[in-house]
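This report refers to the structure that appears directly beneath it.
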Amino acid sequence: MKGARENQLLHVLHLEVPFETAQQAQIASKVLTPDPILKPQDFHVQYSCKHSVLHLDFESIDDRVLRVGVSSVIESVKTILETIDEFK
Amino acid sequence: MVNLNKVPPRHRKQYYLALGLEGSANKLGVGIIKHPLLPQHADSDLSHHCELQILANIRDTYVTPPGEGFLPRDTARHHRNWAVRLVKKALQEAGIKDPTDLDTICFTQGPGMGAPLHSVVVMARTLSLLWDVPLVGVNHCVGHIEMGREITKAENPVVLYVSGGNTQVIAYSENRYRIFGETLDIAIGNCLDRFARTLKIPNEPSPGYNIEQLALKCTNKDQLVELPYTVKGMDLSMSGILGYVDSLAKDLFNKNTKNKLLFDPQTGQQLVTVADLCYSLQENLFAMLVEITERAMAHVNSNQVLIVGGVGCNVRLQEMMASMCRDRSNGQVHATDERFCIDNGVMIAQAGLLQYRMGDAVQDIADTVVTQKFRTDEVYVAWRE
Amino acid sequence: MSEVSATYSSPEVEKQLFTVDSSLNRYNTTNGSTTGPSAYVLQAGQIDKDKPAEAKLNNDGEPTFLSKVRMQLTGLQDDINEYLTHRMETAKNKKLKQDDELRIKTEIDKLLDGGEEDDSDEDNTK
């Protein structure tokens, strides 16, 4: 830490995506977790499961970075939904 | 000697089944393969004699309009939107009713374009968790090499890997595919593709193929347009040649009669056609490749060459390489056809299944993060002596 | 069935809710308006052959649960993208407006403090 003012991630979005089962939601969470998205000092996302619903908590330095990060993650969620739907 | 049967097939099968997913550039490939369980694999060096059966080889290419290249964002969109449909088609073609029977799901971990690679790995991970099938991350170049070895049965050749994204001369030594020579700037496929854009020729089926066809139409083969020849020791550089040939093309289109190479200074008559430029460019670039390949062959005392990667489909390149090999104690050049020299999922399955059989499966999903840079020699080639 | 939803907040916005209205076409398509091909390929004449796959249908010809979620998410994604783009533009205009006001104020000050006609009157500017 350089001692400079720490960037605060004050632009936040909370997204909820329902699945059919808790197992499916957990699969989604595991698939999404490994990948870094954008610079960690500018953007952060946390995944969690409540029963069969996937919760995504995004925090960002501004609206522009938030939009890019959120849309990118949603693209991955749509792939996961389509894959589970076809191959479960 | 190596034991390729170290990890037995799952569920007591007498064969291995692997699904391979490729998406590092603009081709999305899904392959399904089968390796029989063979006793001779228990203690030998036969990783290029797998008795490979290809159960499905599906591919869809993202093609841009003439004059345009493919950018990561749209390429990733193409892969995302087609991935599930292609896997479904591959499973149907392979007759696999129960995908939980697969031994492994192999995916390209790198090198390549970040967003497209990522689109594919998201689906690979999901399938792995749904079906409870282990994942294997594969180096794209090693995929090409192993496919080339299995199809051609070449015995320890020097490998020339030439594609849109890569240009390397590789030789196997002590469990590594070592890079003996490579491009110092751009890949040869990239050079050809960008020239194709300058000429605004179609990208369907591929820009390189269309350059090759144009070159065949050259009627002036005896009068090569002189281009810079930039071999540097074991390596080569191509960006200067591209810049120069691009400027020649522009002068041709703009009818810049001041260019004495292109237009007769007295009459202003055009001396050089687009076909001539394509021909000369190929001859020049390929001669450079032949030179650095030959240098590597001398180093490792080999007279066999295996050409892999999309540019390997080029018949002229194969001819020039064959000619050089024949002059070297009657050596041979080996190449595969467009089913396999162009990026595909089967090659990823082939290399991945060899890795899997040697015990290299993903233990932690965090290890499946894709990477744009992944050197060929980073892979430990456990399946060879 | 539970539906896709989202909530946004920032230093300027206390809470903005995003919900799905299943009667609207926007939430019943897999092809989002903000997730099409890049402008540059469309301008070069590209015809989009790579749209997302259609919704999967069950035996009754209805979209499956997960397909419905995918379509709702597609619509919500468009909502979020458009909302954040709008916020970015508002912020940009506000900044432009601020820059404009600052520029005008500086020009007025210069005018009031004189120094317009005389080249030699350098000391009059504050």
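Just so you know, all these numbers are worked out from the coordinates, no wet-lab data involved. Values in this document were obtained by computation on a predicted structure and should not be read as measured data. Cβ coordinates were reconstructed from backbone atoms using ideal geometry, including for glycine residues, and neighbour counts include every protein chain displayed.
Suppose only helical runs count, i.e. DSSP H with n ≥ 4. What mean residue ellipticity at 222 nm does that imply for chain C under -39500 (n - 2.57) per run, divided by all residues and rounded to the nearest 500 deg cm²/dmol?
Calculated mean residue ellipticity at 222 nm is -15000 deg cm²/dmol.
What distance in nm separates the two pseudo spin-label positions at B:D264 and B:K6, each 7 Å out from Cα along the beta-carbon direction?
Placing both labels 7 Å beyond Cα along the Cβ direction yields 7.0 nm.
Can you tell me the 0 to 90 degree angle between the C-alpha axis of helix C:65-112 and the longest principal axis of chain C, rounded to 10?
Rounded to the nearest ten degrees, it is 0.
Between B:A42 and C:E107, with labels modelled 7 Å along Cα→Cβ, what's the label distance in nm to one decimal, could you check?
9.1 nm
Mind checking which of A:S60, A:L13, B:G143 is farthest towards the positive end of the protein assembly as shown's charge dipole, using Cβ charges of +1 (Lys, Arg) and -1 (Asp, Glu) about the Cα centre?
After comparing all options, I get B:G143.
Extension gain C:T34-C:D21, at 0.36 nm per residue separation less the Cα-Cα distance, in nm? Please list the in-between numbers first.
On the way: separation 13, 0.36 × 13 = 4.68 nm, distance 1.80 nm.
Taking 0.36 nm per residue and subtracting the Cα distance, the gain is 2.9 nm.
Charges at C-beta only: +1 for Lys and Arg, -1 for Asp and Glu. How large is the resulting dipole of segment A:4-86 about its Cα centre, in Debye rounded to 20? Each step should come with its number before you reach the end.
Working: 7 positive and 13 negative charges, 45 e Å.
Taking the Cα centre of segment A:4-86 as origin, the dipole is about 220 debye.
Quick one: compute the contact order of chain C, relative version, from alpha carbon pairs under 8 angstrom and 6+ residues apart, as a percent. Walk me through the intermediate numbers first.
Details: 101 pairs, mean separation 29.2, N = 126.
Once normalised by length, the contact order is 23 percent.
Taking the Cβ-Cβ separation of C:F65 and C:K97 as r and a Förster radius of 35 Å, what is the calculated FRET efficiency to the nearest 0.05?
Once the sixth-power term is evaluated, E becomes 0.15.
Mind checking the angle between helix A:22-32 and chain A's longest principal axis? C-alpha axes, 0 to 90 degrees, to the nearest 10.
On a 0 to 90 degree scale, this one is about 40.
Could you size up the charge dipole of segment B:48-158 around its Cα centre, putting +1 on the beta carbon of Lys and Arg and -1 on that of Asp and Glu, and report it in debye to the nearest 20?
For this selection, approximately 440 debye.
Put a dot 7 Å past each Cα toward the Cβ at B:N256 and B:K97; how far apart are the dots in nm?
Spacing of the two 7 Å Cα→Cβ label points: 6.7 nm.
Take every DSSP beta bridge with both residues inside the protein assembly as shown and express the antiparallel ones as a percent of the total, to the nearest 5. Don't skip to the end; give the middle numbers.
On the way: 55 of 73 bridges.
In the protein assembly as shown, DSSP labels about 75 percent of beta bridges as antiparallel.
For segment B:157-240, what log10 I(q)/I(0) values come out of the Debye formula at q = 0.10, 0.12, 0.22, 0.25 1/Å, with one point per alpha carbon and no solvent?
-0.33, -0.46, -1.12, -1.21
At R0 = 35 Å, how high is the FRET efficiency between B:E319 and C:E54 if r is their beta carbon distance? Nearest 0.05 is fine.
Step by step, r from the Cβ atoms, then E = 0.15.
Tell me, rounded to the nearest percent, the portion of alpha carbon pairs in segment C:1-78 spaced more than 20 Å apart. The partial results should precede the final answer.
Numbers: 1377 of 3003 pairs.
Everything past 20 Å amounts to 46 percent.
Out of segment B:236-283, which trypsin sites (Lys or Arg not before Pro) are coil in DSSP terms and have no more than 14 other C-beta atoms within 10 Å?
Here the sparse-neighbourhood loop sites are B:K255, B:K258, B:K260.
Taking only C-alpha pairs under 8 Å that are 6+ residues apart, what is the relative contact order of chain A in percent?
This gives 35 percent for chain A.
With a 10 Å cut-off between alpha carbons and a GNM built on chain C, which of C:A53, C:A44, C:A91 moves the most?
It is C:A44.
Given the options A:V70, C:N28, B:H299, identify the residue whose Cα lies farthest towards the positive end of the charge dipole of the protein assembly as shown (+1 on Cβ of Lys, Arg; -1 on Cβ of Asp, Glu).
Most positive-ward Cα: B:H299.
Just the Cα atoms of segment B:154-339: what Rg and Dmax do they give in Å?
My reading of the Cα-based Rg and Dmax gives 17.2, 62 Å.
Could you pull out the GluC sites (Glu not before Pro) across segment C:1-85 that fall in loop regions by DSSP (anything but H, G, I, E, B) with no more than 14 other Cβ atoms inside 10 Å?
Sparse-neighbourhood loop GluC sites (Glu not before Pro): C:E12, C:E14, C:E54.
Of B:A124, B:V159, B:T273, which is farthest along the charge dipole of chain B in the positive direction, counting Lys and Arg as +1 and Asp and Glu as -1 at C-beta?
Checking the options against the dipole of chain B, the answer is B:A124.
Mind jotting down the distance between the C-alpha centroids of segment B:103-168 and segment B:317-340, whole Å?
24 Å
Using only DSSP helix segments of four residues or longer, with each worth -39500 (n - 2.57), what per-residue ellipticity at 222 nm results for chain A after dividing by its residue count and rounding to 500?
For chain A, the value works out to -14000 deg cm²/dmol.
Under a point-charge model restricted to the Cβ atoms of Lys and Arg (+1) and Asp and Glu (-1), what is the dipole moment magnitude of the protein assembly as shown relative to its Cα centre, in debye to the nearest 20?
Computed charge dipole of the protein assembly as shown: roughly 1880 debye.
Relative to the longest principal axis of the C-alpha atoms of chain B, give the angle of the C-alpha long axis of helix B:188-199, reported between 0 and 90° and rounded to the nearest 10°.
With both axes taken from Cα atoms, the answer is about 50 degrees.
Quick one: Karplus J couplings for segment B:202-209, per residue in order, coefficients 6.51, -1.76, 1.60, θ = phi - 60°, nearest Hz, x for Gly and Pro?
Computed from phi, the couplings for segment B:202-209 are x, 8, 9, x, 7, x, x, 4 Hz.
Can you pull out the trypsin sites (Lys or Arg not before Pro) in segment B:48-101 whose DSSP state is coil and whose Cβ has at most 13 other Cβ atoms within 10 Å?
Answer by residue number: B:K97.
Most exposed first by the Cβ proxy, i.e. fewest other Cβ within 10 Å, how do A:S48, A:S72 rank?
Going from least to most buried by this count: A:S48, A:S72.
For B:Q14 and B:R375, what does the FRET efficiency come to when R0 = 45 Å and r is the distance between their Cβ atoms, rounded to the nearest 0.05? Please list the in-between numbers first.
Details: r = 37 Å, r/R0 = 0.81.
With R0 = 45 Å, the Cβ-Cβ based efficiency is 0.80.
Sort A:D42, B:D364, C:D21, B:D193 so the one with the fewest other Cβ atoms within 10 Å of its own Cβ comes first.
Lowest to highest Cβ neighbour count: B:D364, C:D21, A:D42, B:D193.
Can you give the local net charge around B:T368? Use residues other than it whose beta-carbon is closer than 14 angstrom to its beta-carbon, Lys and Arg +1, Asp and Glu -1. All intermediate terms of the calculation are to be shown ahead of the outcome.
Values: positive: A:K30, B:R125; negative: A:D35, B:D360, B:D364, B:D367.
My count for the surroundings of B:T368 gives -2.
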